[in-house]
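The structure appears right after this line, and notes come after that.
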Amino acid sequence: MRFLSDLNSGRLLAAGLGLALVAMVAVAAGYLTREQERHSLEVAAPPAGVEYVRGVVQSVTADSITLLTDAGPATVRLTPATRREAVETIGLSQVRPGDWVNAGGVGHAQTIYVLTALVVIPAENVEGR
């Protein structure tokens, strides 16, 4: 009789493991075949009256920069009052309370959103503060 009860326990264990394996395969199949959501980040239009241009620098003079834009070359005139800034890599330890942060990323099915860029503007450089 003990052999029969051991046999039933073994079968129950095998059936339980089989069900667990089937459940894991079903979850994995759903995960792998789930259609990925597509997200895009749209560039906001500048405020009324503000014009901007962006492109790759082609040449620089004392009072202008020529850019290659999607629409062709564009020359931007500079004055002594033109604010100049540069983006540099910093460590997270350099981010302080009061700094302004712009974050960008893409949608991701498993984590909802994946951060791909973080621009930190130090509080002392934020206008209107």
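Considering only protein heavy atoms, with the full assembly of protein chains and a 1.4 angstrom probe, order LEU67, LEU118, LEU78 by accessible area, largest first. Each step should come with its number before you reach the end.
Values: LEU67 20, LEU118 85, LEU78 40 Å².
Largest accessible area first, the list is LEU118, LEU78, LEU67.
Only the Cβ atoms of Lys and Arg (+1) and of Asp and Glu (-1) were treated as charged; on that basis the dipole of the stretch 56-129 about its Cα centre amounts to roughly 60 debye. Multiplying the residue separation of GLU124 and GLN110 by 0.36 nm and removing their Cα-Cα distance gives an extension gain of 1.3 nm. In the context of the full set of protein chains, the stretch 47-117 has a per residue accessible area of 82 Å² (1.4 Å probe).
For ALA71, what charge total do you get from the other residues with a beta carbon under 14 Å from its beta carbon, if Lys and Arg give +1 and Asp and Glu give -1? Can you show the working numbers first?
Working: positive: ARG54; negative: GLU51, ASP70.
Combined, the nearby Lys, Arg, Asp and Glu give -1.
The values are calculated or read from the model by the stated rules, or taken from the named source; none is laboratory data. As the structure is a computational prediction, the values presented were derived from the model and not from experiment. Positions of Cβ are generated from backbone atoms using ideal geometry, with glycine treated the same way; all protein chains shown enter the neighbour counts. Surface accessibility is based on the protein's heavy atoms, side chains included, excluding ligands, DNA and RNA. Shrake-Rupley method; radii C 1.70, N 1.55, O 1.52, S 1.80 Å.
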